[in-house]
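The values are calculated or read from the model by the stated rules, or taken from the named source; none is laboratory data. Here the structure is a predicted model, which means the values were calculated and not measured. Glycine also receives a Cβ, built like all others from the backbone with ideal geometry; neighbour counts cover every protein chain displayed. In case anyone asks, the SASA skips ligands and DNA or RNA and just uses the protein heavy atoms, side chains included. Shrake-Rupley method; radii C 1.70, N 1.55, O 1.52, S 1.80 Å.
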Amino acid sequence: VVLSDSAIGSGKVFFGVTCTENSLSDFASCEIQIGKPGIAFTVLPESVESGATSNIGWITSGMETCSIASPQQPDFTARNAGATNVSGTAETDPIISPIDIVLTCTTLGGQTREETTTITIIEEFVGV
């Protein structure tokens, strides 16, 4: 039973239940914070020298599971395949050409959210 909806936009709903048996009754209530699912996803550095690695970090809200992968780095993808943390960090394999990093999350409501970024290679300039 919904006791009350909070002010629009606050994301809070109050529930309550009364249980009665014979002449005894008890009441309990709770407040549920309903937040909009979100992802904060960062890669540092975003550009690396050939052969260097990069660190990836993510924090989410309203997610049930997340997975990190790179189509260009199957070993990185395999190494992280079992991790489904909704917040975490990972380190790439050595990068020798631009790669994509894909974070795929499933919301508590069953929807899929995805964030993608590309890590590039710093071009070396040779003076003439």
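What to note about this one:
- Close pairs (7 angstrom Cβ cut-off, 6 or more residues apart or separate chains): in contact (Cβ under 8 Å) with a residue 12 or more places away in the chain in segment 60-85, surrounded by 18 or more Cβ atoms within 10 Å (Cβ to Cβ) and among the aromatic types (Phe, Trp, Tyr) anywhere: Cys66/Trp58; Ser70/Phe76
- Residue satisfying all of: in segment 112-128; farther than 16 Å from Phe41 by Cα and either among the hydroxyl-bearing types (Ser, Thr, Tyr) or loosely packed, with under 12 Cβ neighbours inside 10 Å (or both); modelled with the highest pLDDT among these: Thr120
- Per-region count, segment 24-72, residues modelled with pLDDT of 90 or more and more than 20 Å from the chain's Cα centre (by Cα): 8
- The residue that is farthest from Thr118 (Cα to Cα), counting only those in segment 66-104 that are part of a strand (DSSP E or B) and open to solvent by 50 Å² or more (accessible area, probe 1.4 Å), is Thr89.
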